[in-house]
Each structure stands twice: as structure tokens, then as C-alpha cells.
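The block underneath contains the structure these notes are about, expressed in C-alpha cells.
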Amino acid sequence: MGDREIDQQLVERAQRGDKRAFEMLVAKYQRKLGRLLSRFIRDSAEVEDVAQEAFIKAYRALPSFRGDSAFYTWLYRIGINTAKNYLVAMGRRAPTTTEFDSEEAENFEDGDQLRDVNTPEAELMSKQIAATVNETMQALPEELRTAITLREIEGLSYEDIATIMNCPIGTVRSRIFRARETIAERLRPLLGTSKDKRW
Amino acid sequence: MERISALMDGELDDGEAVQEFKRCGGDATLVEGWATYHLIGDVLRQEAALGTGFNDRLREALAAEPTVLAPRPRNLQRRARLFALSAAAGIAGVLAVGWLAYFNHPASLDAGAGQVAEADSSMNEYLVAHHEYADSASMPSVTPYVRYVNEIRREGAMSR
């Protein structure tokens, strides 16, 4: 099941009243949406407010989502409109449609390095998380580190990774899972300090 | 949890994925794992995170929202099955009507009579003579002769 089908499944479950399915979509897209919004809105607290409003609007509009476009294209369009309305309400210049249309949103990849959209204390937390992830990555056995790098950074399929690493697909699946679980284990105390405050 | 990892990579088949989504509906730890794995991926790709407390606030806001219940899209499979059944019934009806029409058609009756006449062709001359002299209540015409004459001619052609 591909990425778009996964989103469609989650949307359909949310449309049937499963709020947890919508939370899974939020977990998946909140950082991308935040990054997108931070192009128009510099203040981190405002970015969060607008992101939250966009997600709530998307949730309310779920019954009208028919799957004609990908979920994230639809979500980003809502995000941009929410940002425009917010900026207009604040008496600031809103982005024009040519500055950022939905097609661009679909392929949106910010070339910038990590851009903090956090308050100072949240920024500290963000740095701790990044440091933990990176340190754990460096400590991983090479085959686990290679597998998760090829998947998460290069975006390769299990089949392609299996070819590159010359091993069965099942081994790739296991290595990626073990890498993620090792990092997640190190992150849990950090995330647990403010349980579920950050996905 | 390994299947959650494969699910987010789009590496489960449709059946497994649906099962996994069902499990997520009843198990918060799976959803937490899904969220943490996505966080790890985003950090590795150097994507900025939203601030502490974002999820708590969003969850509270979502909890305050009335649950959305969209009308379920019509089941395409069921519609396809119904269409196939009605199409099959239509075709069966056409075939039945065609079959009946074919076997009740005068031409097919003639064909059947032809077979009988062929089996009993030695009686043809007798039957012609009988029809010629037999008393008939209806108006005499050539029609009664047609079949027999026809059969005699066809037999003659075959014997040649």
C-alpha cells in the first residue's frame, strides 16, 4: 500500500469517526505543515496557532474530502489559506497565489537547514531530540545505519535497499525496524518528560 | 511494532495495512510508535518540529470537536456485483427468448419435418397421392403438396 493509499485509508477511518486515525495524519504531516507555514509567518507561536487552526479546519472539512487530490495537497491548501486569512486579519501582507500554489505545496521541499519555529525552551527540547537521534544513529551497527539512511534520507524502497545491501527484503524490513526502535528507545525518556507533548 | 514500521514505509500489502490500521484504532502504543518513527524520520531529514505542547493543544481542540461522520461512499464492489448479476439476468433472458424463438420458428419446424421425411421418404409418393385424392374440408390448394414435393425434389437431388 503506497503513501497516498495509506493517507486515504486514514482519512476514511477519520471520516467514519476514528479520531485516532486523524491524529496519525497529524503526526505524519505536522512538521511539514509547520515548515511550510514558517515561510510566511516568522513567529514560532503564530506558526503553531495557524498550524493548529489548519488541522482543525481540515478535520471539520473531512466529510467533503473525496480523495481527488492527495491528502497533503489538500491539507497544505488549507494551511496556506489559513495563513493568508491570518495575515490579512493581522493587517500584514498575505502571500499571493503565484507565490505558493498547491502544486508547489505538493512538491514542497525546503532547502534550508533545520529552521527553528520554537520558543527558547521548545528549541532546547528540539535540539536535545536532534542530538539524541544523531548520537544514536552514529552508535548503530553499520547495517542498521545504512538501511535507515537509505530509507529515510534517500527515500528508497525496501526492494532497492535489498539490492544495494545484497540481502533479502525481509532483512531490510527488520534492520529498519531495529534502527527505528533503538532510536525510539533512547528518545522515550526525553519524550516521556512531557509525555506525548511532541510526536 | 515492526509492521507499523513497514506500514509507514508503504511496504505492507493492502490486507496487512488494513489490519494494522484496525489494530491502531484500539492500541495507543501503536499510534505512539507511528508518531515517534515519523519524528525520527523528520529529524533525520532535518525538518523543524513544532513546539512543545502543540500536540496536547491540538488533541484538546480535536476532542472538543464533534466527531465527523461523513456519509460512507457507496461500496463499489457491491455495485459491480449487482451490475454483473443484472447483466447476467438480462443475457439469460435474451438467450431464453432467442432459444424459444428459434425452435418455434417455421423454418426450424420445416427442418425438423425434413428429417422425418428423410427417414420415411419411401412414403412420399403415397402421401402425395393420398393428398391428391383425399377429401378435404378446406379449400383445396397447392399448399399441402409443397412440403412433400419439396422433400421428393430434395431426395432426388441427394440421390444424384
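Summary of computed values
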{"read-out": "In nm, spacing of pseudo-spin labels at A:Arg42 and A:Ala70 (7 Å Cα→C-beta vector)", "value": "3.1"}
{"read-out": "Inter-chain Cβ neighbour average for residues A:139-146, partner chain, 10 Å", "value": "0"}
{"read-out": "Förster radius 35 Å - calculated FRET efficiency between B:Ala28 and A:Glu142 (Cβ-Cβ, nearest 0.05)", "value": "0.55"}
{"read-out": "Rounded accessible area of A:Asp43 (nearest 10 Å², 1.4 Å probe)", "value": "70"}
{"read-out": "Peptide A:172-183, shielding by other chains (average Cβ, 10 Å cutoff)", "value": "5"}
{"read-out": "10 Å Cβ neighbours from other chains, averaged over peptide B:6-15", "value": "6"}
{"read-out": "Efficiency of FRET from Cβ geometry, A:Glu154 and B:Glu2, R₀ 25 Å, rounded to 0.05", "value": "0.75"}
{"read-out": "Where B meets A: accessible area buried, both sides, 1.4 Å probe, Å²", "value": "6500"}
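The values are calculated or read from the model by the stated rules, or taken from the named source; none is laboratory data. The structure displayed is predicted, hence computed values, not measured ones. Every residue, glycine among them, receives a Cβ derived from its backbone with ideal geometry; neighbour counts consider all protein chains shown. The accessibility values were calculated without ligands, DNA or RNA, using every heavy atom of the protein model including side chains. Shrake-Rupley method; radii C 1.70, N 1.55, O 1.52, S 1.80 Å.
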